[in-house]
Amino acid sequence: MERVITTTLVALGLLAATAAAEDFSVVHLSDTHLNPRQAGAAKSPPRGAATLTWIADVTGGEIQPPGLDGSVPAPRFAVISGDVFEYGAIGDSWAHFDEVFAALPYPVYPAAGNHDLTWNLIVDGMRARFGGEHYSWDSGGVHFAALSSASPLEPLPSFNARTRAWLADDLAALPAGTPVVLTFHHPPSDGTLAGGERDTLLDLLRDYNVVLLLYGHGHSVRHARHEGIDAVMGGSTFGPNAGHGLLSIRDGQLHYDYRYHEKRPRGHVDGWQHLLSKSLVRAVPPRQFSLEAPRAGDRLKKTEPLVVRVKGPGDAPAAGLSDLRVTLDGEPVSVTWDPPGTCRLSISGLEAGWHRVTVRATGSDGLGDLRSAAVEVVGPDERRAWRRGFPAAFRAAPVRWGDLLVVAGNDGLVRALDARSGADRWTHSSGAEVLATPAVAGELLLVVDGAGQATALDRHGEVAWRQDLGYPAYAPPLVADGRAYLSDASGGVTAVRLSDGARRWRFERAAFAIEQRPTVWGDLLVFGAWDGFLYALRRADGTLAWKVPGPKSGEGGAARYYAPADCSPVVVGDALLVCDRGYYLGRYDRSGALQEKLGVGVSALVALPDGDSVIARGIDNRVFRLRADGTKLWEGSISAGRLPLPPTLAGERVLICGNDGLLTAADVQTGAVDWRHRVTPGFYVMAPVAADGTHCFVAGMDGSVTALRLGGSTPGG
């Protein structure tokens, strides 16, 4: 992983970390939520304009927080802990960013939040300005790093495999004891963060002198500790807590104060609230204990007990430790430590596959620590064929291509593996994140990426042709009738000739990004966009046939947030079934008229080969099969979560992988569960499942790619 430090930072002289920290200060902003500005749109004041003007005025020189003796130096820079934009970046949004912060007499370094990556990703702009969505720099003897804690194309947070790999490399390069300040958007205590991602992140950070975490998301101001690491939530630039944070370093001490614009908290002076003072010298204590069992990657039979063993800092096991707690897959487990530092957990009833054990304890100094490890449970029928791990996260589904399995990651690499063994065959680097499932077109594989390149690869991974779309592309290509239809984040669709990539036509355009693969409906090409509308284009020339609101977004108010944009429409008979981010399911006719709203609580669909029914994924752990008129043929209780991932058909089975990595195989005709397998140890799965006649393939946000045998039935896992 590259360690990114931009030329802008070099020019500012922020690279040379000194042995002893200098006196300096940093402004902490959070949750600015700048509205997107389409190209050529009229300029308008930003949200919180009065607060931003006030911040520029009061942070232009030395600052005197009431609780400190004397002033602190003028700020060197500001950080923004996420949700920089309300709806991602489109058109002139980054120019708007420059205008808003031009009044500040110092540079501004943002981290991406969920509002920045869900609809129109800001990653391309981050790459151009800061080298990537993760980057770091040094100032005055302190190391700073900005991380993205957001998931691409999904509002759930994620400290995924690529984020952790980048961070591990960045921290490992530091001299021992270097004070580290990290800024990102989501608190580690956020209840929507996958347990495996939270635990592995904190386990990693505890090995370094991370003196402060700066985050946002809650629009409030508070201090917290995460396993002994101090953290501050930095308010917002609008609303009841409008203001700015001030991180100051003086005489080897770190201080954090928050200054409110108009609110005057009770008991505080001139709107200032003091949250933290501490030393920069090894502020985080050494590790309190080690986890001797389970070891990462242990395999256990279902009938074996799971042994958990810790060793404290003394000679005796668990010496000096108190309040030892164990969680299994994020849930507390009641245990008895006998002998001290050892317990045995019954794993009866656990699904086959991967689970996570985390142990927390309090040391003799009263500070917390944790250790976390993954363990694999092997069922009576060995289902796993192979498994690989990569320093990348996967939003794109694996693709079976002859004897190859192709997996594309957010690290920009397209990896071709041997489908039978998982062995490496070849790798292609796109140079930008690949979030869309590649499309097979005979002897070519079509890949689109976040830099706006559409690339056709041959079976050896060599480039056959390349087409520059001009905008980042996150929607899977559609291949039909000798053409590829390529959608992009500007809302445009480009049709190209498969043989050489030559353009045939381009549709300009939906108002916001297209994230889904278009659907062929006779002579029409149908898709939804994040502007709240459903579009039908004439395939022959790309002209607009009709444009109508989605099932929920047509009700008015916040239409973009409820858009029919993240799951492709499905053709059933002579009807088009559409579900949207409001989780409404609607039926449309050929003219684009909404004939009926069939229900609420549907996140994704797949059409069955009979042409008369679909299998729908519900948001409340329901899966059901229904006809185009809404008649239910069956309904089952399956751990599905709410992600908009269409179920996968594999012969007479339907495969559904829940948010937490629990894969379920059910009978297509009845919905009865055949088997279950947990493919990740507490990490999200945000990519659709792939399947061929004998195996299914699942790629996770933890960087895992797992091949499972489809045959056989082991009810309950």
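The values are calculated or read from the model by the stated rules, or taken from the named source; none is laboratory data. Everything numeric here is computed off the predicted structure, so don't read it as measured data. Here the Cβ is made from the backbone with ideal geometry for all residues, glycine too, and neighbour counts use every protein chain on show.
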Name the pairs whose Cβ atoms lie under 6 Å apart, with the first residue in region 506-526 and without any contact (Cβ under 8 Å) to a residue 40 or more places away in the chain, the second acidic (D, E) and in a loop (DSSP other than H, G, I, E, B), and 6 or more positions between them or separate chains? A510/D531
In region 146-178, which residues are surrounded by 21 or more Cβ atoms within 10 Å (Cβ to Cβ), touching a His at 6+ places or on another chain (Cβ under 7 Å) and not hydrophobic (A, V, I, L, M, F, W, C)? S148, S149, P157, T163
If you check A112 against the conditions, is it assigned by TED's automatic domain parsing to the domain that holds T32 and either under 16 Å from the mean Cα position of the chain (by Cα) or farther than 16 Å from T32 by Cα (or both)? yes
Sort through T192, T183 and tell me the only one that's at pLDDT below 95 and β-branched (V, I, T). T192
Residues that are surrounded by 19 or more Cβ atoms within 10 Å (Cβ to Cβ), free of Cβ contacts under 8 Å to residues at least 60 places away in the same chain and at positive phi: does region 610-627 have at least one? no
Considering region 179-199, residues that are touching a strand residue (DSSP E or B) at 6+ places or on another chain (Cβ under 6 Å) and not in a loop (DSSP other than H, G, I, E, B), and then whichever is surrounded by the fewest Cβ atoms within 10 Å (Cβ to Cβ), we arrive at V181
Region 99-136, residues that are closer than 27 Å to T53 by Cα and among the aromatic types (F, W, Y): F101, Y106, Y109, F130
Residues in region 627-648 that are closer than 19 Å to P609 by Cβ and of a type in the set (S, T, N, Q) total 2
Do any strands (runs of 3 or more DSSP E) entirely within region 282-392 hold 1 or more residues that are within 27 Å of the chain's Cα centre (by Cα) and either modelled with pLDDT under 85 or over 30 Å from C696 (Cβ atoms) (or both), and if so, which? 322-328, 331-333, 353-362, 368-378
Got a sec? Which of L643, L576, L598 is within 28 Å of G556 (Cα to Cα), aliphatic (A, V, I, L, M), at pLDDT below 95 and not in a loop (DSSP other than H, G, I, E, B)? L598
Within region 672-699, residues part of a loop (DSSP other than H, G, I, E, B) and surrounded by fewer than 20 Cβ atoms within 10 Å (Cβ to Cβ) come out as A672, D692, G693, T694
Is it the case that some residue within region 201-211 is of a type in the set (D, E, K, R) and not in a helix (DSSP H, G or I)? yes
With L633, L663 as the choices, which residue is surrounded by 20 or more Cβ atoms within 10 Å (Cβ to Cβ) and either of a type outside the set (D, E, K, R) or in a strand (DSSP E or B) (or both)? L663
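Here is a yes/no grid of residues against (1) charged (D, E, K, R); (2) in the same structural domain as G703 (by TED's automatic domain parsing); (3) under 30 Å from P644 (Cα atoms):
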position: R127; (1), (2), (3): yes, no, yes
position: G141; (1), (2), (3): no, no, no
position: F144; (1), (2), (3): no, no, no
position: L153; (1), (2), (3): no, no, yes
position: R162; (1), (2), (3): yes, no, yes
position: A165; (1), (2), (3): no, no, yes
position: A168; (1), (2), (3): no, no, no
position: L174; (1), (2), (3): no, no, no
position: G177; (1), (2), (3): no, no, no
Restricting region 69-78 to residues that are out of contact with any Lys or Arg (no Cβ under 7 Å at 6 or more places or on another chain) and aliphatic (A, V, I, L, M), the residue that is farthest from Y215 (Cα to Cα): A74
